[in-house]
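The values are calculated or read from the model by the stated rules, or taken from the named source; none is laboratory data. Please read these numbers as outputs of a predicted model, since none were measured by experiment. Quick reminder, even Gly has a Cβ in these numbers, built from the backbone with ideal geometry, and neighbours come from all protein chains shown. With ligands, DNA and RNA removed, areas are computed over all heavy atoms of the protein, side chains included. Shrake-Rupley method; radii C 1.70, N 1.55, O 1.52, S 1.80 Å.
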Amino acid sequence: MSENENFDFTIEELGSRNVHSPIAMSKTLGDMIANYVTDDEFVLLKPQIKLGEQATIKRSQVVECAGPREMIYFSPHHVHAGIVSCGGLCPGINDVIRAIVRCLSRYGVTRVSGIRYGYKGFLPEYKFDIMPLTLKEVDDIHKLGGTFLGSARGGGKEVVKIVDAIEQLNMNILFTIGGDGTQRGSLDIANEIERRGLKIATVGIPKTVDNDFAFIERSFGFDTAVAKAVEVVTAAHMEANSQINGIGLVKVMGRESGFIAAHTALASHEVNFVLIPEVPFDLEGPNGFFHHLEERLSKRHHAVVIVAEGALQDQLIKEVKTDAGGNVKMVDVGTYMRDRIQKYFDDKKIETNLKYIDPSYMIRSAPAAPSDSIYCERLGNAAAHAAMAGKTKLIIGLVNNEFVHLPTKVVISHRSHVDPEGALWRDTLDATHQPVLMINNFQSDTLFTNEFSIPI
């Protein structure tokens with residue numbers, strides 16, 4: 001049975017599509033004209049098969065292709081679209097905003113509004129004006145970091161007020177750019193819209209620099225984050241290599257998933273230890289991290305360590321508290337590791353020179369790298385096409401290098417994690433030469449359980 005057997009990837013629609021798209025494309029293969037996408041084009045979630053398996057393809061194993069449809073739901077001149085960006089900063093937000101506005105203009109949509117400072121921009125008590133988004137307004141915003149619209153956490157639970165505002169603004173399309181909390185809010189908004197019998201499409205663009213959305217290959221901003229993190233690791237390595245027993249300690253983003261940490265290690269070739277939430281480790285003891293770090297220093301006299309922000313949180317968090325966006329407030333594992341490493345070597349009277357770097361905000365606020373700019377452009381276009389076709393309660397994603405429509409409720413059902421037994425982590429171990437496990441009392445039947453999950 002497929003592990004996706006319980007998921008329904010059917011995309012909801014507002015109604016029948018009776019408007020011919022003003023974007024002229026072809027339905028004929030081989031005529032050298034770009035083609036429309038039809039609703040019977042799908043992508044396999046997992047292309048790998050085992051010999052001897054039954055070849056029957058089930059609906060739970062495929063997802064709908066994104067792209068322009070020949071027939072659309074909305075009459076372009078009747079459209080008032082809204083765009084909102086929520087949560088923390090991430091490279092590429094402005095690129096997505098620009099792409100949506102420009103693609104909608106191809107349909108002839110002339111009314112696009114930016115909602116200021118996340119979902120709070122809908123709430124009357126904040127008194128934020130909406131921002132008209134014209135082609136001129138968005139022309140150069142892709143060159144800037146951050147978000148042109150401003151961002152904020154929270155507000156997404158004020159669903160009734162938000163839908164009231166959407167009605168008052170006569171919006172019939174809402175694009176939500178944000179992470180897990182944003183898209184949960186988007187689904188709640190869509191459900192309230194449906195309860196009221198309104199014909200308003202909600203389309204999400206996944207924004208999480210941690211790259212931990214389920215089913216989606218890559219979130220925008222991830223490539224930029226890795227590239228910036230590699231620059232920091234290079235500096236940390238230079239510092240460490242130039243000192244007596246130099247240690248470069250770098251904290252990177254990754255609340256529940258160590259994708260940035262693992263990819264940075266693979267890209268930099270200068271990392272000796274990668275500490276991530278998915279792979280537990282001991283600090284003390286004969287097979288603990290400190291022991292292996294000491295061995296590394298005795299042999300090579302320098303070391304570079306990457307720690308993801310979510311590492312060790314199962315041990316560090318004593319009382320669960322959440323921020324305005326509903327995220328668990330974490331203990332700063334970077335400064336904790338810095339102090340513990342320093343104390344360990346001080347107690348043993350071993351001279352070390354430790355340099356700690358936390359580049360998180362520098363990375364989050366950077367303009368998108370070219371690969372992310374390309375990705376954001378295509379995500380924004382796909383979002384605009386989906387919305388104009390009247391598709392709703394969906395998130396645009398990349399699956400097997402194809403842009404697809406994924407139901408929001410499926411994407412937010414769980415998060416993606418680095419598989420400790422998978423190829424990515426295996427290659428990370430090859431790159432760092434760190435021990436496969438830094439655990440003193442290893443019990444394989446209980447090691448990778450919820451015992452090591454961040455408390456929620």
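For the residue pair Arg196 and Met238, what label-to-label distance in nm results when each label sits 7 Å from Cα along the Cα-to-beta-carbon direction?
5.5
Sort 364-376, 211-223, 178-190, 88-100 for me by packing, meaning the mean count of neighbouring Cβ atoms within 10 Å per residue, highest on top.
Details: 364-376: 19.9, 211-223: 23.2, 178-190: 24.8, 88-100: 26.9.
Packing proxy ranking, top to bottom: 88-100, 178-190, 211-223, 364-376.
Under the classification rounded if a/c is under 1.5, otherwise prolate if a/b is larger than b/c and oblate if not, where does region 272-375 fall, given a ≥ b ≥ c as square roots of the Cα gyration tensor eigenvalues?
Oblate shape, in that a/c is at least 1.5 and b/c is the bigger or equal ratio.
Tell me, what is the FRET efficiency for Ala24 and Asp323 to the nearest 0.05, using R0 = 41 angstrom and their Cβ-Cβ distance as r?
E between Ala24 and Asp323, to the nearest 0.05, is 0.30.
Leaving out ligands, DNA and RNA, what percent of the accessible area of the chain is carbon and sulfur, probe 1.4 Å?
50
Between Asp164 and Glu284, what length in nm is gained on full extension when 0.36 nm per residue of separation is reduced by their alpha carbon distance? Spell out each step's value before the answer.
Details: separation 120, 0.36 × 120 = 43.20 nm, distance 5.57 nm.
Here the answer is 37.6 nm.
Starting from one equal scatterer on each C-alpha and no solvent at all, send me the Debye-based log10 I(q)/I(0) for region 192-243 at q = 0.20 Å⁻¹, two decimals.
Debye curve over Cα of region 192-243, log10 I(q)/I(0) at q = 0.20 Å⁻¹: -0.79.
Counting only heavy atoms of the protein chains, get the accessible area per residue of the chain (1.4 Å probe) and round it to a whole Å² value.
46
With the crude spin-label approximation of a point 7 Å out along Cα→Cβ, what separation in nm comes out for Lys157 versus Ser75?
Going from the Lys157 label point to the Ser75 one covers 4.1 nm.
Can you tell me the Rg and the Dmax, both Å, for the Cα atoms in region 359-400?
13.5, 41
In the chain, if every C-alpha pair distance is counted and binned at 20 Å from zero, what percent goes to each bin?
24, 51, 23, 2
Work out, step by step, the length gained on full extension between His414 and Asn400: first 0.36 nm times the residue separation, then minus their alpha carbon distance; give nm to one decimal.
Values: separation 14, 0.36 × 14 = 5.04 nm, distance 1.92 nm.
Roughly 3.1 nm would be gained on extension.
Whole-Å semi-axes of region 205-286's equivalent ellipsoid, largest first, each the root of 5 times a Cα gyration tensor eigenvalue?
On the way: eigenvalues 129, 58, 13 Å².
Semi-axes (√(5λ), whole Å): 25, 17, 8.
Based on the Cβ-Cβ distance from Lys143 to Ile350, what FRET efficiency comes out when R0 is 51 Å, to the nearest 0.05?
Given R0 = 51 Å and the Cβ-Cβ separation, E is 0.60.
Could you check how many percent of all C-alpha pairs in region 100-217 are farther apart than 25 Å?
23
Helix-only estimate, please: 222 nm mean residue ellipticity of the chain, summing -39500 (n - 2.57) across DSSP H runs of length 4 or more and dividing by its residues, to the nearest 500.
Value at 222 nm, helices only: -9500 deg cm²/dmol.
Starting from the Cα-Cα distance between His301 and Asp430, subtract it from 0.36 nm times their residue separation and give me the gain in nm to one decimal. Don't skip to the end; give the middle numbers.
Details: separation 129, 0.36 × 129 = 46.44 nm, distance 2.03 nm.
Value of the extension gain: 44.4 nm.
Where Lys and Arg each count +1 and Asp and Glu each count -1, what net charge lies around Ile216 among other residues with Cβ under 13 Å from its Cβ?
In short, -2.
Excluding residues on the same chain fewer than 8 positions from Lys321, give the lysines whose Cα lies under 18 Å from its Cα.
Partners found: Lys157, Lys329.
Largest first and to the nearest Å, give the Cα extent of region 385-425 along each principal axis.
41, 22, 7
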